[in-house]
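> After the structure tokens below, expect a handful of questions from me.
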Protein chains: 4
Amino acid sequence: MSFVPADAGYAQRVRDNFARQGAMRTLGASLEVVEPGHVVIVVRHKPELAQQHGFMHAGMLTTALDSACGYAAFSLMPAEASVLSVEFKVNLLAPAQGPWLRCEARVLKAGRTISVVEGRALQHDGGGPEKLVATMTATMFTVQGRPDVQG
Amino acid sequence: MSFVPADAGYAQRVRDNFARQGAMRTLGASLEVVEPGHVVIVVRHKPELAQQHGFMHAGMLTTALDSACGYAAFSLMPAEASVLSVEFKVNLLAPAQGPWLRCEARVLKAGRTISVVEGRALQHDGGGPEKLVATMTATMFTVQGRPDVQG
Amino acid sequence: MSFVPADAGYAQRVRDNFARQGAMRTLGASLEVVEPGHVVIVVRHKPELAQQHGFMHAGMLTTALDSACGYAAFSLMPAEASVLSVEFKVNLLAPAQGPWLRCEARVLKAGRTISVVEGRALQHDGGGPEKLVATMTATMFTVQGRPDVQG
Amino acid sequence: MSFVPADAGYAQRVRDNFARQGAMRTLGASLEVVEPGHVVIVVRHKPELAQQHGFMHAGMLTTALDSACGYAAFSLMPAEASVLSVEFKVNLLAPAQGPWLRCEARVLKAGRTISVVEGRALQHDGGGPEKLVATMTATMFTVQGRPDVQG
């Protein structure tokens, strides 16, 4: 699907917002792609993100997926709006071993108030094929007239 | 609902497992209650867990909820089993401001292979009433014959 | 939780709406309880609702649960509003054999735009204890200024 | 993704199973595609499936989506297995007006015990483009050694 952003400055708005998230720093996450309705966040696995078997904790992967889905929706919102997660559902298809987790989000529906976004977490090691390790379907809410800036 | 644990040493098994999670240390989470089919994890909010408005990131809250739900199911499993999250769904009812988030999990169904667990995240400030900020419904899988220990 | 309805005529509004649903007639469903934020719909199992093993099809049970959740939210909305399902998630805990399925819904959060509702399907046979066979968590949307009546 | 079925007779097994569902007759549903890991079910809207505004009830659409997802998983199972829905989540993107609803399901992961399947409901009127009205993500369970036949 192809989307036209409501605000031409959407990419900077996403990047500024991302930079304010302490949680993204804790993950060591980086924003790889910011396009209208399509965002990719990459995380490198490390012990601080691990569950009891050494894999990435499903909640830490969810943190990256939720941010990717939120920004995919946010990229299509007007400049004076902010985004809130209403709900998400995650299916875990395989243990997230890493070393790299690529979290892709694509908007399925961009409504005035409600957006639906699909996320996928793919694992790769720099060579070889990627492996799908998790899916997300998320509902995002557009908060009108409250620009998403601090201060 | 009241459950009889299959393994009398369930509480120690949960605590040992919790201690091995790097993600729980990153959250600064603590295990407050470990009973058969009922687990409570408490997290104190801090900037490292924050999203762009300073609230606790929904994914970080999910990390605590998923662990609480996983341990609630794990507490009822035989000694030689380990637990895997199949999927979870989270609804976000209010921003998680903290300072304390109490994540409670209760088993709804403890099957031989599949368990269903309900989680609630309640926010409190040491005084005043608690406020429900998120719910989880999770499906957990019993991995038979693979004790959940390292080494 | 206890709620005060925005519209004193909420119960009649729910009953009129229910009576217009062809799907409720197909199920043979009846409205048993209509209280502020709390609705119960009862369905009797029959072959027209069955899946391949003779149990009630999960989707047919979902039809009753979704309506119960929608009406629980609708009972708290202003008179000039209508309700839409944004999403729901259903966990199936046991086969729904019947003969009676009691679908209970309770509002967890009643927002101006978004409500979150929890549903439970309990099976009973007129005697003996009820058995939990399914859970739902649903997000409902308030459509303002569009009364839910036919023209 | 491309799958090799465990049982060469998978298509007949799906068709026989479908024919035993009273719920599919109530919907007037038909099986349009049965391929390994990929099933399409088509439903024509009618008043018996409607909610209060005349659109197809989300639960009735869920009935078709759940069956499509279940059969997509079932098509990859061994001959002596049967399928159970563990859980599903549905997002509703637009009212399902019909007249035709095409419910497509594709397996994302086919595990020995757990399969994950993605469903999409597309609305079309015989001409014009299709419109995405709902998504499902479902978890399906393989019941080993219990062939899915009656009698």
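> Put a label point 7 Å from Cα along the Cβ direction on residue C:44, then list its distances to the equivalent points in the other copies in nm, shortest first.
So the distances to the same position in the other copies read 3.1, 6.0, 6.7 nm.
> Among D:99, D:78, D:47, determine the one that fluctuates most according to a GNM of chain D built with springs between C-alpha atoms less than 10 Å apart.
With Cα springs under 10 Å in chain D, the top fluctuation among D:99, D:78, D:47 is at D:47.
> Anyone know which of B:111, B:37, B:22 comes out most mobile in the 10 Å Cα GNM of chain B?
Answer for the Gaussian network model of chain B: B:22.
> Report the Cα centroid-to-centroid distance between segment A:51-74 and segment C:79-151 in angstrom, as an integer.
29 Å
> Find every distance from the label point of residue A:25 to the corresponding label point in the other copies (7 Å from Cα along Cα→Cβ) and write them in nm, one decimal, shortest first.
Copy-to-copy label distances at residue A:25, shortest first: 2.1, 6.3, 6.5 nm.
> Between helix A:10-19 and chain A, what is the angle of the helix's C-alpha long axis to the longest principal axis, kept within 0 to 90° and rounded to the nearest 10?
Between the helix axis and the principal axis of chain A, the angle is about 50 degrees.
> For residue A:37, list long-range residues whose amide hydrogen, built 1.01 Å from N in the peptide plane, is under 5 Å from its own amide hydrogen.
A:75, A:76
> Okay, moving on. Determine the total buried accessible area between chain B and chain A, counting protein heavy atoms only with a 1.4 Å probe; round to the nearest 100 Å².
2700 Å²
> Right, here's the next one. Can you show me the helix-derived [θ] at 222 nm for chain D, built from DSSP H runs with n ≥ 4 at -39,500 (n - 2.57) apiece and divided by the number of residues, rounded to the nearest 500.
Values: 3 runs with 33 residues, N = 151.
That calculation yields -6500 deg cm²/dmol at 222 nm.
> If you don't mind, there's one more thing I want to ask. So how do B:45, D:57 rank on accessible area, 1.4 Å probe, biggest first, that is with the largest at the start? Could the numbers behind the result be given before it?
Values: B:45 40, D:57 5 Å².
Highest to lowest solvent-accessible surface, that is B:45, D:57.
> As a quick test, which of the pairs B:46/B:109; A:109/B:109; A:46/B:89; B:109/C:46; A:109/C:109; C:109/C:131 have an alpha carbon distance above 32 angstrom in this structure?
Violating the 32 Å Cα-Cα cut-off are B:46/B:109; A:109/B:109.
> Something else about it: Give me, ordered by chain and number, the residues 5 or more places off residue C:143 or on other chains with an amide H under 5 Å from its own placed amide H.
C:82, C:83, C:84
> Determine the sum of side-chain charges near residue A:50: Lys and Arg each +1, Asp and Glu each -1, restricted to other residues whose C-beta is under 11 angstrom from that of residue A:50.
Surrounding charge for residue A:50 is +2.
> Using amide H atoms built in the peptide plane, which far-off residues or other-chain residues are under 5 Å from residue A:108 H to H?
A:116, A:117, A:118
> Something else about it: Tell me the angle of helix C:58-74 to the major Cα principal axis of chain C, expressed in degrees between 0 and 90 and rounded to the nearest ten.
Value to nearest ten degrees: 20.
> Near residue A:87, within a Cβ-to-Cβ distance under 12 Å, what is the net charge of the other residues, with Lys and Arg +1 and Asp and Glu -1?
Net of charged neighbours comes to +3.
> While we're here: How big, in percent, is the set of alpha carbon pairs in segment C:13-151 lying more than 22 Å apart?
Cα-Cα pairs in segment C:13-151 separated by more than 22 Å: 34 percent.
> Go ahead and collect, in residue order, the members of segment B:99-136 whose backbone nitrogen is under 18 Å from a label point 7 Å along the Cα-Cβ direction of residue C:2.
It comes to B:129-130, nothing else.
> Hey, in the GNM for chain C with a 10 angstrom Cα cutoff, which one of C:120, C:25, C:13 fluctuates hardest?
Answer for the Gaussian network model of chain C: C:25.
> For the protein assembly as shown, build the convex hull from the C-alpha positions and give me its volume per residue in Å³. Walk me through the intermediate numbers first.
Working: hull volume 96.6 nm³, N = 604.
Output value, Cα hull per residue: 160 Å³.
> Please list, in order, the residues from segment C:1-17 whose amide nitrogen is less than 18 Å from a point placed 7 Å along the Cα→Cβ vector of residue C:32.
Label zone hits: C:15.
> Hey, what do the phi angles of segment D:120-128 turn into as Karplus ³J(HN,Hα) couplings, whole Hz, using 6.51/-1.76/1.60 and θ = phi - 60°, x for Gly and Pro?
These are the phi-based 3J(HN,Hα) values: 9, 10, 10, 9, 8, 10, x, x, x Hz.
> Just to be sure I understand: chains A and D are related by a rotation, so which residue of A has its Cβ closest to that axis, and how close in Å?
Nearest to the symmetry axis by Cβ: A:89, 2.
> Return the carbon/sulfur percentage of the accessible area of segment B:51-110, one whole number, probe 1.4 Å, all protein chains in place.
54 percent
> Taking a point 7 Å out from Cα toward Cβ as the label site, list the nm distances between residue D:9 and the same residue in every other copy, smallest first.
Output for residue D:9: 4.9, 6.2, 6.7 nm, nearest copy listed first.
The values are calculated or read from the model by the stated rules, or taken from the named source; none is laboratory data. Keep in mind that this is a model prediction, so the values were computed, not measured. No Cβ is skipped: glycine too gets one built from the backbone with ideal geometry, and neighbour counts run over all protein chains shown. The area values use the complete protein model at the heavy-atom level, side chains included, leaving out ligands, DNA and RNA. Shrake-Rupley method; radii C 1.70, N 1.55, O 1.52, S 1.80 Å.
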